[in-house]
Every structure is written in C-alpha cells, then in structure tokens.
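Rule-based calculations on the coordinates, nothing more; no lab input. Everything numeric here is computed off the predicted structure, so don't read it as measured data. Positions of Cβ are generated from backbone atoms using ideal geometry, with glycine treated the same way; all protein chains shown enter the neighbour counts.
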Amino acid sequence: MALRTFTDSTGTEWKVWDVIPAFVREEEERTGAESNRENKGPERRRGPDRRNLLTPGLEQGWLCFECDAEKRRLTPIPPDWDQRTDEELAALCSDATARPQVS
C-alpha cells in the first residue's frame, strides 16, 4: 500500500492511499503464484462471499483521500496514481466521492 501526502490549491493537506480488499489480493496471489500454493496454507475464507459485503463498484478497490475535515473515495484506482504529481492527485481528489461523516 502506497501512501502520499499533497496540498491542494486551497492549502488543504490530504493523505491518499489505495485500499485493496483482501479477497482481491488473495485472487491475485492465487493466479500470479500458482507454484507457491502449497506454501499458502489452507483456504481462509468461510461463509458467504465477502465481495457481497462491499458497496457496488468498490469490489476491486479504491483510493482513499483524507484531510482533517473529510474523506473521499475514488474508483477505479488509476494506474500509477502513486507516481502522479501533486496537481494530478488534487484533480483526482476533486473527482472523488465524499464519504459521510460518522459522529
């Protein structure tokens, strides 16, 4: 998981990181490392498919933007987002959906 910090044009400092659900990582490991399967141990999933627990559209992960006042989500995760300039990250942040504040 990469973590970046940037300041937008209003002077707000944001943190941004990628959120990848565990079942996506497990699938990537399974398909990308078939020869290491015996080293992974038993299947950990039990019960209902965890993909059904996520808000539709978030199954493959999202970028999380956070400042002192709010959080935002952007999906899908743009390629090479962690290599983008601060200005490009600010543009992505402005496209992200605000998350309701939990009190």
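Overview of values
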quantity: Amide proton proximity set for Thr12, modelled H, under 5 Å, gap of 5+; calculated: none
quantity: Net charge over other residues, Cβ less than 15 angstrom from the Cβ of Trp14 (K, R count +1; D, E count -1); calculated: -4
quantity: Mean Cβ neighbour count within 10 Å, used as a protection proxy, ranking 89-96, 73-80 highest first; calculated: 89-96, 73-80
